[in-house]
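What follows is a short report on a single structure.
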Amino acid sequence: MSLNFGRKINSLPLLICLLSSLVVGYCLFLITGQSSTGLLFGILCLVVSPFIFSINLTSYYGFWQIDDKGLHYYDYGTTGRKFRAILLPMIDKEMSIDFNEIKSFSIVASEGIRAPEKILGGVFYGYTPDVVLSRFPTAYYLSLKLADNQEVDLDLAFNLNDTNEIEKMIQLLESKTNLKVNLVRQKA
């Protein structure tokens, strides 16, 4: 059994960066009439736009999966890794965590996020319409503490409405690690 969360990064961010730099460069060429100005600002836009994309990269492309062997994810922990993932999405390496490396795990949810129904007797978070939640960055993630004291946060916000998959993931983690999930509710 394999459960997938989030989306894999593809070439769309790179294409948007390239297209935006071409548009900016061409518009400045038309305005100034100088090709060097258009080229300079086009290149500047090509350098700046991946940094802008990297701000919310994990909210839109936080792909990870869990199966009988462990957890598999892409590490976007630093700006350099995010930048590389945007510019070279096919070269991105998958990281793996074995179940025996996990010391504890928690589901972290901000106020207004619904928890999976079968955890602690039902829904205990306030309800906020899904339409509103999809437009704002949410703190809804799986936080892992590993045996080497490293912490890994895996985003669940993309799968906010798929509580069945989240419940299955929690059950699989609990059965493979012999640990219980901790639920952490954050104030907004």
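Values as computed for the structure displayed
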| item | result |
| --- | --- |
| Accessible-area order (highest first, 1.4 angstrom probe) of the listed residues 90, 95, 1, 169 | 90, 1, 95, 169 |
| Cα-projected label distance for residue 30 with residue 160, points at 7 Å along beta-carbon direction, nm | 3.7 nm |
| Segment residue 39-residue 94, extension gain: residue separation times 0.36 nm, minus the distance between their alpha carbons | 16.2 nm |
| Whole-number accessible area per residue in Å² for region 1-71, which is evaluated in the context of all protein chains at 1.4 Å | 59 Å² |
| Over 20 Å (Cα to Cα) - which of 82/103; 93/176; 69/145 fall in this group | 82/103; 93/176 |
| Relative contact order (percent, whole number), region 12-113, Cα cutoff 8 Å, 6+ residue spacing | 21 percent |
| Accessible area of region 137-178 belonging to carbon and sulfur atoms, whole % at 1.4 Å probe | 38 percent |
| Within the accessible area of region 1-70 (1.4 Å probe), percent carbon and sulfur | 72 percent |
| Normalised convex hull volume, region 1-97, alpha-carbon set, Å³ per residue | 84 Å³ |
| FRET efficiency, 1/(1 + (r/R0)^6) with R0 35 Å, evaluated for residue 12 and residue 103 via beta carbons | 0.45 |
| Fully extended contour minus Cα-Cα distance, from residue 75 to residue 167, at 0.36 nm per residue | 30.8 nm |
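The values are calculated or read from the model by the stated rules, or taken from the named source; none is laboratory data. Keep in mind that this is a model prediction, so the values were computed, not measured. Counting neighbours? That spans all protein chains shown, and the Cβs are built from the backbone with ideal geometry, glycine included. Only protein heavy atoms, including side chains, enter the accessible area calculation; ligands, DNA and RNA are left aside. Shrake-Rupley method; radii C 1.70, N 1.55, O 1.52, S 1.80 Å.
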